[in-house]
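The values are calculated or read from the model by the stated rules, or taken from the named source; none is laboratory data. Remember, it's a predicted structure, so these values are computed and weren't measured experimentally. Cβ atoms come from the backbone with ideal geometry, glycine included; neighbour counts cover every protein chain shown.
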Amino acid sequence: MPLAKKEYKSYDALILALKASPVCTILKFLLSVTQSIMQTAVMAVATANFVDTAAEILNNVRPQSDIYLPLVLLLAALGVVNTIGAVAKLAGARVSVKLQRKLKPSLIKVYAAFEYKHIENAESWELISRVTRDPVKSIMDGVDAFIQFIQIIVSVSSVFLLIVTQVWWAALIILAFSVPMFWVSMRAGKKNYQAECEAEKFNRRTDYLGEVLTGRDNVDERTLFDYSDEVNRKWQEQYEAGRKI
């Protein structure tokens, strides 16, 4: 899968996943949206129907046999939700495997073509290290983030519409809480990414020092110069700095 020379945006994670496995990516998206609807509106209606029927039976308004259909519907809804979630995970795993197979060779070609000045430059190497640590996982995280965003919208909308038909003022309360939470989640995501970028330089140093401490090629040097304690102290300092960030 060739990679175009351009500045990639967040939505390119979806495009790359679609190119790697269009069927499984679309299937994962549709199943996730369906699961959101099932977990909210459908489960709410099924539970309400079961509770109302049980209450009427306890009050001797309806016969006991009427409880079976609401119970079966509730159990069926639970079973469908769990099944859809499992199938969606399988589809996501298939997309990840396809990305590993199709994207990794293209990425290796890009890595091999790096100019030496970028490897020696600390700022560019930190960026390279962050991107190359696990590119397939990063792409799948991006796909999952988009799907979760759609799931949130579908979940809130379905519950909102359901409540509007029953208690309109409760829907306004949900809306009042949802809008600030969207804003907070976006702000928190940016903060987390910023922290990850800041911590990368410490992670890169711990990777290098860890290789010096445990690498097979450095056995003779470690024995001859006995620098393990000093390097281990520096590794600990860098690790703690990155962990705290």
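Brief remarks follow.
- Residue match in the stretch 48-64 (condition: assigned by TED's automatic domain parsing to the domain that holds LYS104, modelled with pLDDT of 85 or more and under 16 Å from LEU99 (Cα atoms)): no
- Matching residues in the stretch 158-217 - criterion: being farther than 27 Å from GLU126 by Cβ and among the basic types (Lys, Arg): none
- Scanning the stretch 126-160 for residues that are surrounded by fewer than 16 Cβ atoms within 10 Å (Cβ to Cβ) and under 19 Å from VAL42 (Cα atoms) returns GLN148, ILE150, ILE152, ILE153, SER157.
- Considering the conditions (1) within 20 Å of the chain's Cα centre (by Cα); (2) within 19 Å of LEU27 (Cβ to Cβ), SER138 is excluded by exactly one of them, (2).
- Look at the stretch 207-220: where a residue is under 10 Å from VAL231 (Cβ atoms) and a partner is among the polar types (S, T, N, Q) and in a helix (DSSP H, G or I), sitting 6+ places away or on another chain with Cβ atoms under 7 Å, you get LEU209/GLN238; VAL212/ASN218; LEU213/SER228; LEU213/ASN232.
- Test: residue in the stretch 32-43 that is free of Cβ contacts under 8 Å to residues at least 24 places away in the same chain and either surrounded by fewer than 16 Cβ atoms within 10 Å (Cβ to Cβ) or in the same structural domain as ILE147 (by TED's automatic domain parsing) (or both): no
- Whichever residue in the stretch 15-29 is more than 12 Å from GLY92 (Cα to Cα) and among the hydrophobic types (A, V, I, L, M, F, W, C) and, among such residues, is surrounded by the most Cβ atoms within 10 Å (Cβ to Cβ): LEU16
- If you go through the stretch 90-125 and keep only what is exposed (fewer than 12 other Cβ atoms within 10 Å of the Cβ) and either among the basic types (Lys, Arg) or under 16 Å from VAL143 (Cβ atoms) (or both), you end up with LYS109, LYS117.
- When GLU200 is tested against (1) more than 23 Å from ILE128 (Cα to Cα); (2) in contact with a Ser or Thr (Cβ under 7 Å, 6 or more places away or on another chain), just one condition goes unmet, and that condition is (1).
- Matching option when the condition is free of Cβ contacts under 8 Å to residues at least 60 places away in the same chain and in the same structural domain as THR34 (by TED's automatic domain parsing), among ALA171, ALA122, ALA113, ALA188: ALA113
- Pairs, first free of Cβ contacts under 8 Å to residues at least 60 places away in the same chain in the stretch 64-79, second surrounded by 14 or more Cβ atoms within 10 Å (Cβ to Cβ) and among the β-branched types (Val, Ile, Thr), C-beta under 6 Å, six or more apart: GLN64/ILE57; ASP66/THR53; ILE67/THR53; ILE67/ILE57; PRO70/THR53; ALA77/VAL42
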